Structure formats: structure tokens, C-alpha cells
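A.B. asks: Sharing a structure below in C-alpha cells format, with a few things to ask.
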Amino acid sequence: MTPDETPGTRPGAESGSNPDTNSDVKPILILGVGNLLLKDEGVGIHFVQQLQKKRLPPDVEALDGGTRGLDLLMLMEGRKLVVVVDCARLGETPGTVRVFGPKDIVPEKSRGFSVHGLNLATALEFGARLGTLPDIFIVGVEPESIAIEIGLSDAVRNALPVIERTVDEIVTSKR
């Protein structure tokens, strides 16, 4: 990312405007979801917070989606591309990073994906039924721990550069 690019937060957000309104929506959204109080479950938020400190391209925005459910659709509205970063139980080594599409996380009766996947999966399923979803990729990270604790495990913290490269590759390939 070059020095002449704009910061990754929504214009006017620091002045108290509502970050959920869709005025001046940038076409590409990097959306971190999760719960900071549950150790590695907060990886998406930690990643976005790190990203917001950098200068992002003028068409890219990075937002914290927290543990929102259907409200995530409002953040996705009017976008060309959304990359969601989230903790995901993959059955692999902690810190493993994988890319999925929305259909890969839609719950099948008792099948789960993310620790809070029903919220994300439900929002994506609802958006798909409405026909309002942009192009979406989910970057899932295998947790080591989702204990009640703030911060990331070493395995997941060490995966942050891999997450960043993965997100950059997705954004670059879809421009």
C-alpha cells in the first residue's frame, strides 16, 4: 500500500457520524468479526484494528463487525467485494488460514463453522435469499483457544501476516 492512499476507516467516523450509514461507501470492505473477550475468537477484530493503522487504497475500507448478526448486511450494502476475517474451526493446526465462500459456512442443521458462525452464516444466507450480497470471501483462522481471555494465542498472532497476504491477494485478484 502506498503512502498517498487514504486511511482505512470510514470518512467522518472519527467525528461521531454513524458508521453504519452507506454514504461514501467504498467498493471493497475488509470486515473483521468476532469477540475480543474470547481469545482467538477475536482474530478478525485484531486484524482489522491492525489494518486500520495502515494507509489503505482509496477504494478499500476496514471495519470491525464485532459479533453482529443480520446487521452485517448493512455494512456490506453497496459494496463490490467483502472479505470477512473470522475465527473458524477447521480441524487443523491452530493458526491455519483458509479461504471460503459464503455457501461453505451456511449451517446445515447441526453443522457449525465459526464460533459465532450462526450469526455470520444467518446474515449471509438471508442476504443471498434477498439477492443483495456482493462478492464475498471468508478468511478463516483455526483458533488455539476460545477461553475467556483478551488477546490472541501465539499461533494465531503469528498467522496475522498470512492473513494480511491472503486478504491482499483476494483484493488484488478481484479489482
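The values are calculated or read from the model by the stated rules, or taken from the named source; none is laboratory data. Note that the coordinates shown come from a computational prediction; the quantities given were computed from them, not determined experimentally. Here the Cβ positions follow ideal geometry from the backbone for every residue, glycine too, while neighbour counts run over all protein chains shown.
A.B. asks: Could you check GLY151 against (1) exposed (fewer than 14 other Cβ atoms within 10 Å of the Cβ); (2) touching a Ser or Thr at 6+ places or on another chain (Cβ under 6 Å) and say which number it fails?
C.D. replies: That leaves (2) as the condition not met.
A.B. asks: Can you tell me which condition ILE28 does not meet? The list is (1) modelled with pLDDT under 85; (2) closer than 20 Å to GLU169 by Cβ; (3) not polar (S, T, N, Q), and all the others hold.
C.D. replies: Against the list (1) modelled with pLDDT under 85; (2) closer than 20 Å to GLU169 by Cβ; (3) not polar (S, T, N, Q), ILE28 comes up short only on (1).
A.B. asks: Would you please name the residue that is nearest to GLU92 (Cα to Cα), looking only at residues in region 154-175 that are in contact with a His (Cβ under 9 Å, 6 or more places away or on another chain) and either crowded, with 21+ Cβ neighbours inside 10 Å or not basic (Lys, Arg) (or both)? I'd like the intermediate steps shown before the answer.
C.D. replies: Pass one, region 154-175, residues in contact with a His (Cβ under 9 Å, 6 or more places away or on another chain): 156-157, 160.
Narrowing further to those that are either crowded, with 21+ Cβ neighbours inside 10 Å or not basic (Lys, Arg) (or both): 156, 160.
Working: VAL156: 12, LEU160: 17 Å.
Among residues in region 154-175 that are in contact with a His (Cβ under 9 Å, 6 or more places away or on another chain) and either crowded, with 21+ Cβ neighbours inside 10 Å or not basic (Lys, Arg) (or both), the one nearest to GLU92 (Cα to Cα) is VAL156.
A.B. asks: Any idea how many residues of region 116-143 are surrounded by 19 or more Cβ atoms within 10 Å (Cβ to Cβ) and of a type in the set (D, E, K, R)?
C.D. replies: So the count comes out to 1.
A.B. asks: With the requirement that a residue be closer than 15 Å to GLY34 by Cα and either touching a residue at least 60 places away in the same chain (Cβ under 8 Å) or buried (at least 21 other Cβ atoms within 10 Å of the Cβ) (or both), what does region 76-96 give you? It would help to see each step written out before you state the result.
C.D. replies: Keep residues of region 76-96 that are closer than 15 Å to GLY34 by Cα, which gives 83-89.
Once the filter is applied, which keeps residues that are closer than 15 Å to GLY34 by Cα and either touching a residue at least 60 places away in the same chain (Cβ under 8 Å) or buried (at least 21 other Cβ atoms within 10 Å of the Cβ) (or both), region 76-96 yields VAL83, VAL84, VAL85, ASP86, CYS87, ALA88.
A.B. asks: Do you know which residues across region 118-156 are in a helix (DSSP H, G or I), at pLDDT 95 or above and in contact with a helix residue (DSSP H, G or I) (Cβ under 7 Å, 6 or more places away or on another chain)? Can you show your working first?
C.D. replies: To start, the set of residues in region 118-156 that are in a helix (DSSP H, G or I) comprises 118-130, 154-156.
In the following step, the residues that additionally are at pLDDT 95 or above were identified as 154-156.
VAL156, the sole residue that qualifies.
A.B. asks: Moving to a separate point now. Search region 103-117 for residues being closer than 18 Å to GLU92 by Cα and modelled with pLDDT of 75 or more, and hand back the single one that is farthest from the chain's Cα centre (by Cα).
C.D. replies: Taking the candidates together, the pick is ASP104.
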